[in-house]
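To start, the structure itself, in C-alpha cells.
The values are calculated or read from the model by the stated rules, or taken from the named source; none is laboratory data. Here the structure is a predicted model, which means the values were calculated and not measured. Quick reminder, even Gly has a Cβ in these numbers, built from the backbone with ideal geometry, and neighbours come from all protein chains shown.
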Amino acid sequence: MSEVSEHWLHGLRTLVKDFAEAKAQRVYLEHFRKSKKAMLMAEAESINPMKYKSAASQEVYAYRHDEYIELLEGLRAATETEEHRRWQLKSREMRFEEWRTEQATQRQEHKRYGN
C-alpha cells in the first residue's frame, strides 16, 4: 500500500472514531432524556404531591424544568456534532474514492501508452 493511500486510510480511521464517539454521545443523551423526565416527574410528586398528583402535571413540570431544557440543548449540540462528523467522513471517503479512480486511470494510461 502506498504512503498516500495509508495517509488517507489513517484519516478515515480517525474520522470514523470521531463519528462513532459523537453518535454514541447523541444516542446516550436521547435515552437519558427519558430517564431525566422520569426523575423530574418523581421530583415533582415529592415536592408537592397534591399539586403534581397526575402524570400530566408531573410531565409539565419535567418538560419546563431547567435541567430538562439544558439536556435538550446538549442533545441539540450532540446531534450537530454527529452530523458534522458524518459529513466530514463522507467527504473524506469521496475524496479517497476520487483519488483511487485517478490512480486507476493513470495505471491504465501507463499500460496503454507506456508512459
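Filtering region 54-70 to residues that are over 30 Å from residue 86 (Cβ atoms) and part of a helix (DSSP H, G or I) leaves 55, 56, 57, 58, 59, 60, 61, 62, 64, 66.
Only residues that are surrounded by 13 or more Cβ atoms within 10 Å (Cβ to Cβ) and either outside any helix (DSSP H, G or I) or not charged (D, E, K, R) (or both) were counted across region 12-26, and they come to 8. Against the numbered list (1) out of contact with any helix residue (DSSP H, G or I) (no Cβ under 8 Å at 6 or more places or on another chain); (2) at pLDDT below 95, residue 89 comes up short only at (1). In region 100-112 there is no residue that is surrounded by 15 or more Cβ atoms within 10 Å (Cβ to Cβ) and in a helix (DSSP H, G or I). Checking each residue in region 90-105 for being of a type outside the set (A, V, I, L, M, F, W, C) and farther than 13 Å from residue 2 by Cα picks out 90, 91, 92, 93, 95, 97, 98, 101, 102, 105.
Cβ-Cβ distances below 7 Å connect the following pairs, each with a first residue in region 53-67 that is under 18 Å from residue 32 (Cα atoms), a second residue that is of a type in the set (Phe, Trp, Tyr) and not in a helix (DSSP H, G or I), and a separation of six or more residues or different chains: 58/52; 61/52.
Screening residue 51 with (1) of a type in the set (D, E, K, R); (2) surrounded by 11 or more Cβ atoms within 10 Å (Cβ to Cβ); (3) in a helix (DSSP H, G or I) gives one miss only, at (3).
Answer yes if at least one residue in region 31-47 is surrounded by 17 or more Cβ atoms within 10 Å (Cβ to Cβ), touching a helix residue (DSSP H, G or I) at 6+ places or on another chain (Cβ under 9 Å), of a type outside the set (Lys, Arg) and assigned to a loop (DSSP other than H, G, I, E, B), and no otherwise.
Start the filter on region 31-47 by keeping residues that are surrounded by 17 or more Cβ atoms within 10 Å (Cβ to Cβ), which leaves 36-37, 40-41, 44-45.
Subset that is touching a helix residue (DSSP H, G or I) at 6+ places or on another chain (Cβ under 9 Å): 36-37, 40-41, 44-45.
Next, only the ones that are of a type outside the set (Lys, Arg) stay: 40-41, 44-45.
Then keep just the ones that are assigned to a loop (DSSP other than H, G, I, E, B); that gives none.
Looking for residues that are surrounded by 17 or more Cβ atoms within 10 Å (Cβ to Cβ), touching a helix residue (DSSP H, G or I) at 6+ places or on another chain (Cβ under 9 Å), of a type outside the set (Lys, Arg) and assigned to a loop (DSSP other than H, G, I, E, B), one finds none in region 31-47, hence no.
Checking every residue in region 71-82 against the condition of being small (Gly, Ala, Ser), closer than 23 Å to residue 7 by Cβ and assigned to a helix (DSSP H, G or I) gives zero matches. Of all residues in region 68-94, exactly one satisfies the criterion of being surrounded by fewer than 13 Cβ atoms within 10 Å (Cβ to Cβ) and either hydroxyl-bearing (Ser, Thr, Tyr) or touching a residue at least 60 places away in the same chain (Cβ under 8 Å) (or both), namely 91.
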